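Reviewing the structure listed below.
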Amino acid sequence: MTNPNTPVPSGIRSFPGQFWLVVVFEFFERGAYYGLSSVLSVYLVESVAKGGLGFSKGDTGIINSVVRPLLYLLPILSGAIADRFGYRRMLMLAFSLLSLGYFLSGQVTSYGLVFACLLVMALGAGTFKPLISGTIARVTGEHNSGLGFGIFYWSINLGAFLFPLGLVDYLRKNEYPWSYIFTMSAIATGAMLLPTILFYKEPPKPKSSKSLGQILAEMVLVLKDFRFITMIVIYSGFWVLYFQQFDSVLWYLKDHVDMAPFDQAVNTALSSVGIEKKFKFDAQHVTALNAGTIIALQLVVSMIVKNTRALPTMIVGIGIGTLGVGLLAFSTSPWILLAGMIVFSLGEMTAHPKYISYVGLIAPEDKKAVYMGYAFLYGVIGSSIGGYFGAKLYEKLVDQAHNPRAFWLVFVGVGVATIVGLLLFDRFLAPRKAAPPSAS
């Protein structure tokens with residue numbers, strides 16, 4: 001029997017080996033995903049003569065508006081299935097689907113087959129998504145949960161930073177075939193099967209396991225909460241902007257921005273300290289820039305806004321993010337592009353943690369877990385609209401009308417509409433108590 005007077009370990013030493021194992025899983029899975037995502041939309045539209053697939057931006061938008069939402073929708077069901085059938089089995093399934101989907105996506109060239117293989121990858125990613133956070137929640141306690149999830153989020157951004165900046169950059173700079181990037185992601189996820197089989201142990205079983213029927217019934221209950229769903233729909237507007245980083249920003253960079261002045265400045269700086277390396281900013285660096293900014297500044301931003309009200313802070317963050325997008329409308333300068341992406345990242349790290357916190361505050365006491373699961377519907381809405389709408393608009397305003405300024409101003413309008421919507425929500429619909437009454 002444990003002595004209640006025994007000091008509880010704190011800090012890094014308080015985490016069991018199982019925690020560090022799943023943090024490694026998260027690093028490799030997110031690295032594989034963001035490594036590929038940093039260039040996927042470029043590969044899909046690149047001409048066949050240059051090694052790409054030559055799809056139209058509109059067709060690419062359709063793929064992205066179907067594949068990405070699954071990453072946010074599937075966890076609602078896969079988490080419940082894992083509770084019933086075991087996390088270890090679901091992890092093995094997830095890594096198998098991920099590795100297979102990534103590998104096959106790099107081997108096929110027809111639109112239908114690429115679409116199908118990316119759906120296999122998305123099924124694996126959507127299955128994987130709740131398993132790591134669920135494991136961490138079950139192997140940590142009140143004394144170390146906050147630090148544990150902080151390390152977890154850092155591992156996500158570390159993977160999103162190192163894979164595009166390191167492996168993907170190396171493969172692209174040395175002109176390896178595009179299929180090598182898919183293979184890299186397949187290896188990174190497939191390699192996690194062995195430690196899953198050998199070392200992963202089933203976390204403590206939750207007190208109750210819900211049937212799929214119960215999960216669907218809870219879905220109806222949450223969807224009937226008008227205020228909650230309204231807030232998510234409004235907030236999703238910000239994520240319409242966010243998902244342009246993986247499509248429109250990359251196409252805009254390739255088509256309209258000459259990064260030579262920035263490359264020269266970086267290479268001069270490297271040469272001054274004795275490093276002779278020919279750096280060239282390319283599509284994969286956009287994702288690394290976003291992740292690197294978050295790694296460097298998230299803790300600082302979180303400290304600044306830790307005592308501020310959630311909704312006003314979200315509105316300020318969305319305003320900052322919208323300003324970042326707005327910068328792209330006024331110049332094709334490489335410095336403006338970089339500033340815009342950094343400013344947008346500042347907005348993201350200001351708004352999004354407060355959003356998660358706000359959902360926890362307004363959810364009914366007896367349904368907090370359910371509401372937190374459905375809070376990720378912002379990603380379903382933002383990625384489905386952002387992927388298709390952004391691609392079709394890019395074709396119309398940038399490729400055909402040669403008016404990139406108008407294109408970016410449309411998204412500034414989306415950001416402003418989101419801000420106005422949240423201001424109205426805060427004024428007329430936001431609950432004034434700790435939590436709203438249960439939906440009926």
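The values are calculated or read from the model by the stated rules, or taken from the named source; none is laboratory data. Only a predicted model underlies this, so the values are computations on that prediction, with no experimental measurement involved. Glycine also receives a Cβ, built like all others from the backbone with ideal geometry; neighbour counts cover every protein chain displayed.
One residue stands out in the stretch 139-152 among those that are part of a helix (DSSP H, G or I) and crowded, with 16+ Cβ neighbours inside 10 Å: the one that is farthest from the chain's Cα centre (by Cα), namely V139. Output the residue which, of all residues in the stretch 181-207 that are without any contact (Cβ under 8 Å) to a residue 40 or more places away in the chain and assigned to a helix (DSSP H, G or I), is nearest to A291 (Cα to Cα). Filtering first and then ranking leaves L194.
If I go through the stretch 270-303 residue by residue, how many of them are among the hydrophobic types (A, V, I, L, M, F, W, C) and either free of Cβ contacts under 8 Å to residues at least 12 places away in the same chain or over 22 Å from F27 (Cα atoms) (or both)? Outline the logic, then answer.
Looking only at the stretch 270-303, we keep the residues that are among the hydrophobic types (A, V, I, L, M, F, W, C), and these are 270, 273, 275, 279, 281, 283, 286, 288-289, 291, 294-297, 299-301, 303.
So of that shortlist, the ones also either free of Cβ contacts under 8 Å to residues at least 12 places away in the same chain or over 22 Å from F27 (Cα atoms) (or both) come out as 270, 273, 275, 279, 281, 296, 299-301, 303.
Qualifying residue count, the stretch 270-303: 10.
Check the stretch 280-292 and report whether any residue there is under 30 Å from K173 (Cα atoms), surrounded by 22 or more Cβ atoms within 10 Å (Cβ to Cβ), hydroxyl-bearing (S, T, Y) and touching a Phe, Trp or Tyr at 6+ places or on another chain (Cβ under 9 Å). The answer is yes, given that some residue of the stretch 280-292 is under 30 Å from K173 (Cα atoms), surrounded by 22 or more Cβ atoms within 10 Å (Cβ to Cβ), hydroxyl-bearing (S, T, Y) and touching a Phe, Trp or Tyr at 6+ places or on another chain (Cβ under 9 Å).
Taking the stretch 38-58 as the range and being part of a helix (DSSP H, G or I) and more than 20 Å from L167 (Cβ to Cβ) as the test, the residues that pass are V45, V48, A49, K50, K57, G58.
Matching residues to (1) surrounded by 21 or more Cβ atoms within 10 Å (Cβ to Cβ); (2) at pLDDT 95 or above; (3) in a helix (DSSP H, G or I):
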residue: L36; (1), (2), (3): yes, yes, yes
residue: I81; (1), (2), (3): no, no, yes
residue: L113; (1), (2), (3): no, yes, yes
residue: C117; (1), (2), (3): no, yes, yes
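Quick check on K396: is it among the charged types (D, E, K, R), surrounded by 18 or more Cβ atoms within 10 Å (Cβ to Cβ), outside any loop (DSSP other than H, G, I, E, B) and out of contact with any strand residue (DSSP E or B) (no Cβ under 9 Å at 6 or more places or on another chain)? Taking the combined requirement at face value, the residue does not satisfy it. Applying the criterion of at least 1 residues that are farther than 26 Å from A375 by Cβ and in contact with a Pro (Cβ under 9 Å, 6 or more places away or on another chain) to the helices (runs of 4 or more DSSP H) found wholly in the stretch 221-274 leaves 248-256, 260-272. Scan the stretch 333-346 and give yes if some residue there is in contact (Cβ under 8 Å) with a residue 40 or more places away in the chain, in a helix (DSSP H, G or I), hydroxyl-bearing (S, T, Y) and within 25 Å of A283 (Cα to Cα), otherwise no. Checking the stretch 333-346: at least one residue is in contact (Cβ under 8 Å) with a residue 40 or more places away in the chain, in a helix (DSSP H, G or I), hydroxyl-bearing (S, T, Y) and within 25 Å of A283 (Cα to Cα). If you take the residues of the stretch 67-79 that are under 15 Å from the mean Cα position of the chain (by Cα) and not charged (D, E, K, R), which of them is modelled with the lowest pLDDT? Per the criteria, the residue is P75. When V48 is tested against (1) more than 20 Å from T127 (Cβ to Cβ); (2) surrounded by 17 or more Cβ atoms within 10 Å (Cβ to Cβ), just one condition goes unmet, and that condition is (2).
It is to be established whether one or more residues within the stretch 359-376 are more than 29 Å from T332 (Cβ to Cβ) and modelled with pLDDT of 90 or more. Break it down into steps so the answer makes sense when it comes.
Step one: of the stretch 359-376, the residues more than 29 Å from T332 (Cβ to Cβ) are 359-376.
Add one more test, that the residue is modelled with pLDDT of 90 or more, and what stays is none.
Within the stretch 359-376, none of the residues are more than 29 Å from T332 (Cβ to Cβ) and modelled with pLDDT of 90 or more.
Here T308 meets the list (1) surrounded by 14 or more Cβ atoms within 10 Å (Cβ to Cβ); (2) under 13 Å from P353 (Cβ atoms) almost entirely, failing just condition (1).
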